[in-house]
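Read the structure below first, then the notes.
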Amino acid sequence: MPEERSEHQLRHARDSTLARVEITFDAADPPALAAFWSEFAGDEIELTFVWSDAPKIEKNRVHLDLASSSPEHQADIVARALKLGAEHADIGQRDVPWVVLRDPQGNEFCVLEPRPEYTGAIAAVVVDSPDPLASAQATGHPVVRSGDGWASVRPEPGPWLEFVRTNDSEPITNRVRVRWRDPS
């Protein structure tokens, strides 16, 4: 592995002092993945792209949900993502109103149908968890909503942090990782 590539990182946030959420992507081509995500990331999140030669072999434990404001906007986001190299993905979602895609390096993400609670470009950072309510409570933020198999917190500013139940075993690698910063 060339040394300069092992240290290569790209960051995207218009003002990283405002971003309370940092998402780190392992990437075979960090500049290309950064270019893809710069089309969709808003001000409220910081994205870091770190070179890795580890192949993507399983579903990520963390993924991003993109917000849309209308059915036409949702279709536009999907069309732009596909034009930039994303592909449709089937992760067992069945018939749902959102669209599941993989970015050009295989990382899953969703383009949600319009929902009034999601106001930023990134609607939510979604984390698989064996116990969503306990995971949400562990963030130290109030649980804003929960249901059978999911729980959400909403630290301001920034996207929702949502935990969904999974019985999947711990992944071999976490190619997408989340870090929530305390603003104090």
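The values are calculated or read from the model by the stated rules, or taken from the named source; none is laboratory data. Treat the numbers as computed from the prediction; the structure is a model and nothing was measured. Reconstructed Cβ throughout: ideal geometry from the backbone, glycine too, with neighbour counts over all protein chains shown. To get the accessible areas, we keep the full protein, side chains included, count just its heavy atoms, and leave off ligands, DNA and RNA. Shrake-Rupley method; radii C 1.70, N 1.55, O 1.52, S 1.80 Å.
Here is how the numbers come out for the structure above:
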quantity: Near pairs, Cβ below 7 angstrom, 6+ apart or cross-chain, from the range 54-68 (over 15 Å from Asp90 (Cα atoms)) to any residue that is assigned to a loop (DSSP other than H, G, I, E, B) and hydrophobic (A, V, I, L, M, F, W, C); calculated: Asp65/Leu112; Leu66/Phe40; Leu66/Leu112; Leu66/Ala121; Ala67/Leu112; Ala67/Ala121; Ser68/Leu112
quantity: Residue match in the range 103-114 (condition: farther than 19 Å from Val178 by Cβ, at pLDDT below 95 and open to solvent by 60 Å² or more (accessible area, probe 1.4 Å)); calculated: no
quantity: Only listed residue being in contact with a strand residue (DSSP E or B) (Cβ under 9 Å, 6 or more places away or on another chain) and farther than 27 Å from Ala81 by Cβ, chosen from Asp103, Asp128, Asp148, Asp168; calculated: Asp148
quantity: Matching strands (runs of 3 or more DSSP E) fully within the range 99-183 where at least 2 residues are closer than 29 Å to Ser52 by Cβ; calculated: 99-102, 108-111, 122-129, 160-165, 176-180
quantity: Members of the range 19-47 found to be under 11 Å from the mean Cα position of the chain (by Cα) and either among the hydroxyl-bearing types (Ser, Thr, Tyr) or in a helix (DSSP H, G or I) (or both), listed by number; calculated: Thr24, Trp37
quantity: The range 129-145 residues that are under 17 Å from Val178 (Cβ atoms), paired with ones that are open to solvent by less than 50 Å² (accessible area, probe 1.4 Å) and in a loop (DSSP other than H, G, I, E, B) (beta carbon under 8 Å, 6 or more apart); calculated: Ser129/Thr166; Pro130/Thr166; Pro132/Gly149; Thr139/Pro155; His141/Pro155
quantity: One residue from Val125, Val100, Val178, Val153 being open to solvent by less than 40 Å² (accessible area, probe 1.4 Å), among the aliphatic types (A, V, I, L, M) and in contact (Cβ under 8 Å) with a residue 40 or more places away in the chain; calculated: Val125
quantity: In the range 21-40, residue modelled with the lowest pLDDT [restricted to those that are within 17 Å of Pro155 (Cα to Cα) and buried (at least 19 other Cβ atoms within 10 Å of the Cβ)]; calculated: Val21
quantity: Failed condition for Val62, given (1) open to solvent by less than 30 Å² (accessible area, probe 1.4 Å); (2) over 15 Å from the mean Cα position of the chain (by Cα); calculated: (2)
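This table checks each residue for (1) closer than 15 Å to Ile23 by Cβ; (2) among the hydrophobic types (A, V, I, L, M, F, W, C).
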position	(1), (2)
Val100	no, yes
Gly106	no, no
Val127	yes, yes
Gln137	no, no
Val164	no, yes
